[in-house]
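Data block below; observations after.
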Amino acid sequence: MITAGVVLAAGAGRRFGMPKALVPYRDRILVQHAARTLRDAGCRRIVVVLGARAEEVVKVAPDLPETVINPEWATGLGSSLRAGLASLAADASVDAAVILLVDMPGVTAGAVRRITAHAARDALVTGGYQGRRGHPVLLGREHWAGAAASATGDRGARDYLRAHEVLVVEIGDIADDTDLDHPGDLDA
């Protein structure tokens, strides 16, 4: 069973004032932190989807794993999800993909491992925070086409997940689902 990790990091971060992929976080930038989280969680293949200022991100973070440039990044997160899944589709050995948003640094490798423990080709799994669905999200290969088809704007796979049975795995005890939308959120 091979589970790939996908970091969605293509947005311009308009409310933040810069692409969140480039935001300094601890001893690196957010995109490096997210990729390391997936690596530490045991993902054997990691794809980072970039868009806004992609060349700068790659220059600042030359240690990133495989990167995919989403030319439609300005249309929203949905196009980045489609780009990430499309980059994995040709590799028949990948059974599932765990999706991590670049602006949620409180999601830990332990939380990702809890989610990926349920990986299967037909799996749909989300992190749970006191019963509320959140990230990361795991999509089994059998759901990639449907999730990609429903991914529009900034909704990602939300509509697809709402229309299907999803396993919610509680991770709130080892993860924080704070979404960094503004520079002040880093201090919270």
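Nothing in this text is a laboratory measurement; each read-out follows from the coordinates by a stated rule. Model, not experiment: these values are computed from the prediction. Quick reminder, even Gly has a Cβ in these numbers, built from the backbone with ideal geometry, and neighbours come from all protein chains shown.
Ranked highest first by the average count of other Cβ atoms within 10 Å around their residues, in what order do 82-93, 7-18 fall?
The peptides rank, most packed first, as 7-18, 82-93.
For Asn70, what is the net charge nearby, where nearby means another residue's Cβ is under 14 Å from its Cβ and Lys, Arg count +1, Asp, Glu -1?
-2
Distance from a point 7 Å along Cα→Cβ of Arg121 to each backbone N in segment 59-94: keep the residues under 18 Å and list them by number.
The answer is 86, 88-94.
Which net charge results when you count Lys and Arg as +1 and Asp and Glu as -1 among the other residues whose beta-carbon is under 11 Å from that of Leu186? Present the calculation step by step, with values, prior to reporting the outcome.
Numbers: positive: Lys20, Arg26; negative: Asp103, Asp181, Asp185, Asp187.
Here the charged neighbours net out to -2.
Averaging sequence separations of C-alpha pairs under 8 Å and six or more residues apart, then dividing by the length of segment 1-132, give the relative contact order as a whole percent.
For segment 1-132, the relative contact order is 34 percent.
Going by the alpha-carbon gyration tensor, a ≥ b ≥ c the square roots of its eigenvalues, is segment 25-100 rounded (a/c under 1.5) or, if a/c is not under 1.5, prolate (a/b greater than b/c) versus oblate?
oblate
Report the net charge of residues surrounding Pro19, where surrounding means a beta-carbon distance below 14 angstrom and charges are Lys +1, Arg +1, Asp -1, Glu -1. Write down the numbers at each step before the final one.
On the way: positive: Arg14, Arg15, Lys20, Arg53, Lys59; negative: Glu55, Glu56, Asp103, Asp181.
Spelling it out: positives minus negatives among the neighbours equals +1.
Note down the magnitude of the dipole of the chain about its Cα centre, charges +1 on Lys and Arg C-beta and -1 on Asp and Glu C-beta and zero elsewhere, to the nearest 20 debye.
Values: 21 positive and 23 negative charges, 38 e Å.
Its charge dipole is roughly 180 debye.
Using helices alone, I'd like the mean residue ellipticity at 222 nm for the chain: each DSSP H run of four-plus residues gives -39500 (n - 2.57), total over residue count, nearest 500.
Value at 222 nm, helices only, nearest 500: -7500 deg cm²/dmol.
Residue farthest toward the positive end of the dipole of the chain, with Cβ of Lys/Arg at +1 and Asp/Glu at -1: which of Gly106, Ala123, Ala34?
Looking along the dipole axis, the top candidate is Ala123.
Calculate, in nm to one decimal, what Thr75 and Ile2 gain on full extension: separation in residues at 0.36 nm each, minus their alpha carbon distance.
23.3 nm
Expected output is a single nm value to one decimal: the length gained when fully extending between Arg14 and Val168, i.e. 0.36 nm times separation in residues minus the C-alpha distance. What is it?
Length difference between fully extended and current span is 52.4 nm.
What whole number of Å gives the distance from the Cα centroid of segment 111-188 to the Cα centroid of segment 1-46?
Answer, in whole Å: 15.
What GluC sites (Glu not before Pro) does segment 132-186 have in DSSP loop regions with at most 12 other beta carbons within 10 Å?
Those that pass, being in a loop and sparsely packed, are Glu165.
Considering only Val31, Val137, Val94, give the residue with the highest GNM mean-square fluctuation for the chain, with springs between Cα atoms whenever their separation is below 10 Å.
Evaluated over the chain, the most mobile residue of the options is Val94.
Give the span of the chain's Cα atoms along each principal axis, as three whole-Å numbers ordered largest to smallest.
Projected onto its principal axes, the Cα set of the chain covers 37, 35, 28 Å.
Multiply the residue gap between Ala149 and Ala90 by 0.36 nm, knock off their C-alpha separation, and tell me the result in nm, one decimal place.
19.5 nm
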